[in-house]
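One structure is given below, encoded as structure tokens.
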Amino acid sequence: MVNIKGKWALITGASRGIGYLTALFMAQQGCNLILHSRTRGHCEKVLQEVLAYGVEAYIVSAELSDLASVEAMLHEIDEKGTPVDIVLNNAGVQIAYRNEYLQTPASDYEVSFRINTIAPMMICYHFLPKMAERGFGRILNTTSGITLDPQQAGYSASKAALDKVTIDLGSKYEGTNVMINLTDPGWCRTDLGGAHAPNAPESAIPGIVVGAFVDDRKSGRFLNAQYFTGMTLEDAVAKAEREFDSPYPKA
């Protein structure tokens, strides 16, 4: 299992929900954090809480639907000289639930793809070269298990696209110590999931971050956080390495 103490992780959407819980958990493991939200003020609470664990941390902001804003955030991180070892692309948006799904507007797709697909992949592309140069990196792109639900077409399509590009990109790093995987918190009672979701947000820990700790040089996996609910981090990592294989053809 990877020891992440002293490493740096960027967490998008760190101010609330799964991102907030993830930030606290990573800080407890000794990981330094870059905390992203749309506005810096949203992350002040979590910043103070993670600093109490003795790690380094700071806040960045970006509107993920605006690529120029994303690029400005990445430039700020570069200017600080932070060696980003781990990327947790947690932030996402579910635009609307369209009961009249045949009237789904094109804007549902446009906004969903900018935030849920394009922004996380731009972040991946930015940090991957330096990860490869240093010989270590972990990227987790948060996806969704939603199926057969045209009422959420923009959301589900953007997550399906994220799955595709993550798996394809991961094939280029398979067998290296730069690993790119997918993670899914499950349907949790967050602002995105709603009050009637079956799972508490806490049920996603430690599974939502297990891909940051695995050490088997495999990419392209779908690591469903609910498979690891109630487990210790050590047991969850062992289960992920034992039971989840990469989807690529074997030599």
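The values are calculated or read from the model by the stated rules, or taken from the named source; none is laboratory data. Bear in mind that the values here come from a model prediction, so they are computed numbers and not experimental data. So basically every Cβ, Gly included, is an ideal-geometry build from the backbone, and we count neighbours across all protein chains shown. Ligands, DNA and RNA are stripped out before the accessible areas are found, and what is left, the full protein with its side chains, is counted by its heavy atoms. Shrake-Rupley method; radii C 1.70, N 1.55, O 1.52, S 1.80 Å.
Listing for the model above:
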{"read-out": "Index of the failed condition, GLY13 passing every other in (1) at positive phi; (2) open to solvent by 30 Å² or more (accessible area, probe 1.4 Å)", "value": "(2)"}
{"read-out": "Members of the range 26-53 found to be touching a residue at least 12 places away in the same chain (Cβ under 8 Å), farther than 27 Å from ASP108 by Cα and not hydrophobic (A, V, I, L, M, F, W, C), listed by number", "value": "GLN28, GLN29, GLY30, ASN32, GLU44, LYS45, GLU49, TYR53"}
{"read-out": "For MET179: the one exception among (1) open to solvent by 40 Å² or more (accessible area, probe 1.4 Å); (2) under 14 Å from the mean Cα position of the chain (by Cα); (3) not hydroxyl-bearing (Ser, Thr, Tyr)", "value": "(1)"}
{"read-out": "Pair list, Cβ under 7 Å, 6 or more apart: the range 137-153 residue farther than 18 Å from GLY207 by Cβ, other residue at pLDDT 95 or above and of a type in the set (Ser, Thr, Tyr)", "value": "ASP149/SER156; PRO150/TYR101; GLN151/TYR101; ALA153/TYR101; ALA153/THR104"}
{"read-out": "Looking only at the range 99-155, and only at residues there that are more than 29 Å from LYS5 (Cβ to Cβ), touching a helix residue (DSSP H, G or I) at 6+ places or on another chain (Cβ under 6 Å) and of a type in the set (Val, Ile, Thr), the one that is surrounded by the most Cβ atoms within 10 Å (Cβ to Cβ)", "value": "THR117"}
{"read-out": "Among residues of the range 64-98, those that are buried (at least 20 other Cβ atoms within 10 Å of the Cβ) and in contact (Cβ under 8 Å) with a residue 40 or more places away in the chain, counted", "value": "14"}
{"read-out": "Candidates ASP163, ASP168, ASP215, filtered to the one that is farther than 30 Å from ARG98 by Cβ and modelled with pLDDT of 95 or more", "value": "ASP215"}
{"read-out": "Any chance GLY41 is open to solvent by less than 30 Å² (accessible area, probe 1.4 Å), in a helix (DSSP H, G or I) and not aromatic (Phe, Trp, Tyr)", "value": "no"}
{"read-out": "Residues that are surrounded by fewer than 17 Cβ atoms within 10 Å (Cβ to Cβ) and under 21 Å from GLY175 (Cα atoms), drawn from the range 228-238", "value": "ALA238"}
{"read-out": "Identity of the residue in the range 160-175, in contact (Cβ under 8 Å) with a residue 60 or more places away in the chain and either charged (D, E, K, R) or in a helix (DSSP H, G or I) (or both), that ends up least open to solvent (accessible area, probe 1.4 Å)", "value": "GLY170"}
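One line per residue, one yes/no per condition, for (1) in a helix (DSSP H, G or I); (2) at pLDDT below 95; (3) under 21 Å from GLY211 (Cα atoms):
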position	(1), (2), (3)
SER65	no, no, no
GLN94	no, yes, no
ASN99	no, no, no
TYR109	yes, no, no
ILE115	yes, no, no
PHE127	yes, no, yes
GLY145	no, yes, yes
